[in-house]
Amino acid sequence: MQKYKFFVSGMTCDSCTNAIKSAIINKYPLSKVDLSLTTKELLISTNSEILLSNLNDLVRLLGDYEISDKKSQENNYVRFDLEKKDKTAFDNIYNYLKDKKPLLIALFVVVASSICLSINSTNDDLINKFLSYYMGMFFTVFSFLKLLSVRGFASSFSGYDIISKKIYKYSLIYPFIELMLGLYYLSGNTNLFVCIFVIVIMVSQTYGVINILFGKKNIRCACMGETINLNISELTLLENIVMIVISSYMIYDFIF
């Protein structure tokens with residue numbers, strides 16, 4: 001059995017390491033793969049011949065990663081802050097909102113579009129129409145971001161979504177599921193079983209998000225796809241809970 005030692009750059013969280021390890025094991029099924037997020041070391045024990053170029057072709061499909069036979073020196077420096085000052089509560093809020101800007105803009109588009117689509121509805125049907133359009137716009141907008149890089153999304157999503165952890169292929173088709181759900185709700189349709197299905201997939205994500213928040217881990221949020229680098233936060237949890245509450249309300253409306 002041959003042993004290979006490489007170094008991986010571009011990893012930012014545990015989901016990155018899990019995705020890279022899974023991809024290599026799928027490519028070389030009888031291999032033993034160890035990858036450290038801290039040291040960036042990739043150790044492979046296998047009977048197969050492994051070429052560095054083939055590994056790079058493999059991981060570049062997952063995201064902005066690169067494998068080398070030499071350890072990168074780019075982070076071997078000490079940074080000194082020349083000026084320090086205490087941050088006020090306003091500064092903390094500003095920095096938080098600035099960091100979450102892409103997600104806030106996406107949610108604003110969802111809410112504003114839902115209001116415009118439902119504004120001409122009758123008073124009796126206004127709330128139901130707004131909620132239906134909100135679901136439709138939410139799934140459509142966020143599916144677009146995921147579809148820009150399905151494999152990149154899947155590598156992040158499988159790091160915390162409960163279903164994806166057990167069935168990786170689910171993370172690959174999830175963006176298409178979101179798109180179909182978005183178009184379904186935008187067409188004005190609502191269905192009891194669809195609402196139950198939405199609760200199931202959102203609970204799967206919410207459980208994973210809660211574990212990450214309580215564990216205080218920095219894991220990339222898959223909701224914005226691979227093109228926007230945004231970590232999971234309380235705002236991620238809030239948007240999932242809102243979707244669960246809306247679907248629960250729709251189920252209640254169907255039954256009663």
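Filter the chain for me: DSSP H helices, axial length by Cα at least 27 angstrom, mean Kyte-Doolittle hydropathy not below -0.5. List them by residue number.
126-147, 168-186, 192-215, 234-255
Just name one of A112, I44, Y207: the one whose Cα is farthest towards the positive end of the charge dipole of the chain (beta-carbon charges, Lys/Arg +1, Asp/Glu -1).
Ranked along the dipole, the leading option is I44.
Can you tell which of M224, M180, M135 shows the greatest fluctuation in a Gaussian network model of the chain with Cα springs below 10 Å?
Top of the fluctuation ranking is M180.
Full extension from K98 to E41: what is 0.36 nm times the residue separation minus their Cα-Cα distance, to one decimal in nm? Intermediate results must be reported in sequence, preceding the final value.
On the way: separation 57, 0.36 × 57 = 20.52 nm, distance 3.35 nm.
My answer for the length gained is 17.2 nm.
Could you calculate the contour length gain from N128 to I210, that is, 0.36 nm times the residue separation minus the distance between their Cα atoms, to one decimal place in nm?
Contour length minus Cα-Cα distance gives 26.6 nm.
List the trypsin sites (Lys or Arg not before Pro) within the stretch 157-256 that DSSP assigns to loop and that have no more than 11 neighbouring Cβ atoms inside 10 Å.
Sparse-neighbourhood loop trypsin sites (Lys or Arg not before Pro): K216.
F256 to S187: FRET efficiency via 1/(1 + (r/R0)^6), r the Cβ-Cβ distance, R0 25 Å, to the nearest 0.05?
In this case the efficiency is close to 0.55.
Extension gain L30-F176, at 0.36 nm per residue separation less the Cα-Cα distance, in nm? If you can, show how the numbers build up before the last one.
Details: separation 146, 0.36 × 146 = 52.56 nm, distance 3.18 nm.
That works out to 49.4 nm of additional length.
How much accessible surface area, in Å² rounded to 10, belongs to the heavy atoms of M137 with a 1.4 Å probe?
M137 exposes around 30 Å² with every protein chain in place.
Only Cα pairs within less than 10 Å get springs; with that Gaussian network setup on the chain, which residue of I25, I93, I67 has the largest fluctuation?
Among I25, I93, I67, the largest GNM mean-square fluctuation belongs to I93.
The values are calculated or read from the model by the stated rules, or taken from the named source; none is laboratory data. Nothing here was measured: the structure is a model prediction, and the numbers come from that model. FYI the Cβ positions are ideal-geometry reconstructions off the backbone, even for glycines, and counts take in every protein chain you see. With ligands, DNA and RNA removed, areas are computed over all heavy atoms of the protein, side chains included. Shrake-Rupley method; radii C 1.70, N 1.55, O 1.52, S 1.80 Å.
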